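Let me give you the structure first, and then I'll get to my questions.
The values are calculated or read from the model by the stated rules, or taken from the named source; none is laboratory data. Note that the structure is a prediction, hence the values are computed from the model and not measured. Backbone-built Cβ (ideal geometry, glycine too); neighbour counts: all protein chains shown. The area values use the complete protein model at the heavy-atom level, side chains included, leaving out ligands, DNA and RNA. Shrake-Rupley method; radii C 1.70, N 1.55, O 1.52, S 1.80 Å.
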Amino acid sequence: MPTGDEHKKKYINNKKVLKLLNIQDKDQCDWIATIAFYSALHIIEKELAKENKHFRTHMEREQYINGEPKYCKNQIAAKYKQLSTNSKIARYGPGKITPTKANQMLRFLSDIESVFEVNQDTE
């Protein structure tokens with residue numbers, strides 16, 4: 001199972017890619033939503049690794065965080081679910097992610113970063 005540090009490295013790499021994307025380019029909004037979700041996933045996985053919790057599927061992870069007060073506080077579980085849902089829409093459809101929706105996904109990621117005190121300024 002990946003360590004907390006390995007999840008942190010994945011998060012940092014995802015954030016570097018997010019900084020390269022232009023939210024005003026509608027063709028990039030699907031990627032913004034997808035990478036925002038996986039950035040949040042690695043933040044949460046880093047926290048779960050501290051508890052020696054590892055999940056094989058997205059569904060197992062979501063079920064766990066939905067039942068844990070730590071993740072329900074500040075609506076982290078709900079925001080994570082929205083990130084997950086919009087990532088699926090971006091990857092599989094139907095529909096496209098708009099700049100407005102992509103902005104919302106970035107705000108949700110920022111909220112998760114703040115709660116778990118992740119350094120949002122990556123190299």
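Test Tyr64 against the criterion of being within 14 Å of the chain's Cα centre (by Cα) and not hydrophobic (A, V, I, L, M, F, W, C), and give yes or no. Give the steps one after another, and end with the answer.
Values: within 14 Å of the chain's Cα centre (by Cα): no; not hydrophobic (A, V, I, L, M, F, W, C): yes.
Answer is no for this residue.
Go through region 32-42 and give me each residue that's open to solvent by less than 20 Å² (accessible area, probe 1.4 Å) and under 11 Å from Lys10 (Cα atoms). Steps first, answer last, please.
Step one: of region 32-42, the residues open to solvent by less than 20 Å² (accessible area, probe 1.4 Å) are 32-34, 36-37, 39-41.
Passing the criteria: Ser39, Ala40, Leu41.
Could you go through region 7-20 and let me know if any residue there is at negative phi, open to solvent by 80 Å² or more (accessible area, probe 1.4 Å), among the aliphatic types (A, V, I, L, M) and assigned to a helix (DSSP H, G or I).
So far as region 7-20 goes, yes, one or more of its residues are at negative phi, open to solvent by 80 Å² or more (accessible area, probe 1.4 Å), among the aliphatic types (A, V, I, L, M) and assigned to a helix (DSSP H, G or I).
Between a residue in region 57-74 that is farther than 18 Å from Phe108 by Cβ and any residue that is open to solvent by 60 Å² or more (accessible area, probe 1.4 Å) and not acidic (Asp, Glu), which pairs come within a Cβ distance under 8 Å, given they are 6 or more apart or on different chains?
Tyr64/Lys53
Pairs please, first residue from region 38-56 and over 11 Å from Phe116 (Cβ atoms), second anywhere and surrounded by fewer than 20 Cβ atoms within 10 Å (Cβ to Cβ) and of a type in the set (S, T, N, Q), Cβ atoms under 7 Å, 6+ apart in sequence or on different chains.
These pairs meet every condition: Ala49/Thr3.
Which ones in region 77-123 are touching a Phe, Trp or Tyr at 6+ places or on another chain (Cβ under 8 Å), without any contact (Cβ under 8 Å) to a residue 40 or more places away in the chain and not polar (S, T, N, Q)?
Across region 77-123, the qualifying residues are Ala77, Lys79.
Cys29 passes all but one of (1) in a helix (DSSP H, G or I); (2) open to solvent by 50 Å² or more (accessible area, probe 1.4 Å); which number fails?
(2)
Related question: Counting residues that are surrounded by fewer than 15 Cβ atoms within 10 Å (Cβ to Cβ) and acidic (Asp, Glu), which helices (runs of 4 or more DSSP H) fully inside region 43-123 reach at least 1? Show your work before the answer.
Details: elements: 58-66, 69-72, 76-92, 99-115.
By residue number, 58-66.
Any idea which of (1) over 19 Å from Ile12 (Cβ atoms); (2) more than 16 Å from the chain's Cα centre (by Cα) is the one Lys50 doesn't satisfy?
Against the list (1) over 19 Å from Ile12 (Cβ atoms); (2) more than 16 Å from the chain's Cα centre (by Cα), Lys50 comes up short only on (1).
Within region 79-94, is even one residue closer than 14 Å to Glu45 by Cα and of a type in the set (A, V, I, L, M)?
Scanning region 79-94, I find no residue that is closer than 14 Å to Glu45 by Cα and of a type in the set (A, V, I, L, M), so the answer is no.
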